[in-house]
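Chemist: Got a structure here, written out as structure tokens. Questions coming.
Throughout, read-outs are computed from the coordinates displayed, never taken from laboratory work. Remember, predicted model here, so these are calculated numbers, not experimental data. So basically every Cβ, Gly included, is an ideal-geometry build from the backbone, and we count neighbours across all protein chains shown.
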2 protein chains.
Amino acid sequence: MSSDTWLSKINWSEDGLIPVIAQEAGSGKVLMVAWMNRDALKLTVEKGEAVYWSRSRKKLWHKGEKSSHTQKVKEIYLDCDEDVLLLIVEQTGGIACHTGRHSCFFQKLEGNEWIVAAPVVKNPEEIYSK
Amino acid sequence: MSSDTWLSKINWSEDGLIPVIAQEAGSGKVLMVAWMNRDALKLTVEKGEAVYWSRSRKKLWHKGEKSSHTQKVKEIYLDCDEDVLLLIVEQTGGIACHTGRHSCFFQKLEGNEWIVAAPVVKNPEEIYSK
């Protein structure tokens, strides 16, 4: 079996991408959703750290390359339709979000308003100035 | 404030959709990913049960309408880019996947193979024959 057969099992989108959920090991917290292409997923497996495809910058994005908030990948799951990945990760620094929060999912629906439901752990200016 | 302002905060895709993660309350298990349009999200909030948009059938899909495996929605979160939703749900029957498994994320990468890492809780023929 070719060593890339596992990559071909994935139902890549027309753009050659797949959405990826990063979930924190232990806490079970859903941290973020990003995208991968084949290269990103291969690199993720090789490095043991999450490498995404930045759709805005159109380039590979080794999560934490600027913030140092890397994600150590413990487990990788594929869903029944083979079009979504779930990564179980250890989140370095306890911050996944570019706003300096633990998780990107910090806006909670209360009645008909989105309220900010999680604190900034570290000021983004401090995170990205290094 | 219009009662629909909260819906306009969302960055809907060009197709008017948003991906939605359903995570189980308590266990923290990521159960599935599906899509919603505006109507689906409004209905979800009104009913307190997950209503998705089926991209294959191009219609609203009240999760559990055939299987009886509804999802009672406890909390709704929106991410920092406002383009992914996270639902915290109680999964009726403990089965979210059409294969009869607890979660749709049952294929685990081991080396360079996807292995089936979760059992079928109930035979799908039994689930959908009712």
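Chemist: Please order B:L60, A:L86 by the number of other Cβ within 10 Å, starting at the fewest. Please list the in-between numbers first.
Modeler: Values: B:L60 15, A:L86 24.
Lowest to highest Cβ neighbour count: B:L60, A:L86.
Chemist: Which distances, in nm and shortest first, link the A:E90 label point to the same label point in every other copy, taking 7 Å along Cα→Cβ?
Modeler: List, nearest first: 3.6 nm.
Chemist: Could you work out the pair-distance distribution P(r) of the protein assembly as shown from its alpha-carbon pairs, with 5 angstrom bin width and percents rounded to whole numbers?
Modeler: 1, 6, 13, 17, 19, 17, 14, 8, 3, 1, 0, 0
Chemist: Return a whole-number percent for the relative contact order of chain B, with Cα pairs under 8 Å and 6 or more residues apart as the contact set. Show your work: numbers first, answer last.
Modeler: Values: 234 pairs, mean separation 27.2, N = 130.
Averaging sequence separation for qualifying contacts and normalising by length gives 21 percent for chain B.
Chemist: Hey, got the average number of other protein chain Cβ atoms within 10 angstrom for residues in A:4-12?
Modeler: On the way: counts 1, 3, 6, 1, 0, 4, 1, 0, 0.
Per residue, the number of nearby Cβ atoms from other chains is 2 on average.
Chemist: What longest range of chain B stays clear of loop-exposed GluC sites (Glu not before Pro) (DSSP non-H/G/I/E/B, at most 16 other C-beta within 10 angstrom)?
Modeler: Working: sites that count: B:E14, B:E65, B:E82.
Longest gap between qualifying sites, sites excluded: B:15-64.
Chemist: Right, here's the next one. Explain nothing, just the number: dipole magnitude of the range B:48-116 about its Cα centre with +1 on each Lys and Arg Cβ and -1 on each Asp and Glu Cβ, in debye rounded to the nearest 20.
Modeler: On the way: 10 positive and 10 negative charges, 110 e Å.
Here the size comes out at about 520 debye.
Chemist: Right, here's the next one. What's the average, rounded to a whole number, of partner chain beta-carbon atoms within 10 Å of each residue's beta-carbon in B:72-80?
Modeler: 6
Chemist: Here is a follow-up. To the nearest 20 debye, what is the magnitude of the charge dipole of the range A:2-130 about its Cα centre, counting +1 on the Cβ of each Lys and Arg and -1 on the Cβ of each Asp and Glu? Kindly include the intermediate steps, with their values, before the conclusion.
Modeler: Values: 17 positive and 18 negative charges, 105 e Å.
Roughly 500 debye, rounded to the nearest 20.
Chemist: Taking the Cα atoms of chain A, report the difference between the largest and smallest coordinate on each principal axis, in whole Å and largest first.
Modeler: Principal-axis extents of the Cα atoms in chain A, largest first: 48, 39, 30 Å.
Chemist: Distance check, please: which entries in A:K9/B:K58; A:K29/A:K63; A:K47/A:K122; B:K63/B:K108; A:K42/B:K108 exceed 19 angstrom between their Cα atoms?
Modeler: Details: A:K9/B:K58 25 Å; A:K29/A:K63 17 Å; A:K47/A:K122 26 Å; B:K63/B:K108 25 Å; A:K42/B:K108 15 Å.
Distance filter (> 19 Å) returns A:K9/B:K58; A:K47/A:K122; B:K63/B:K108.
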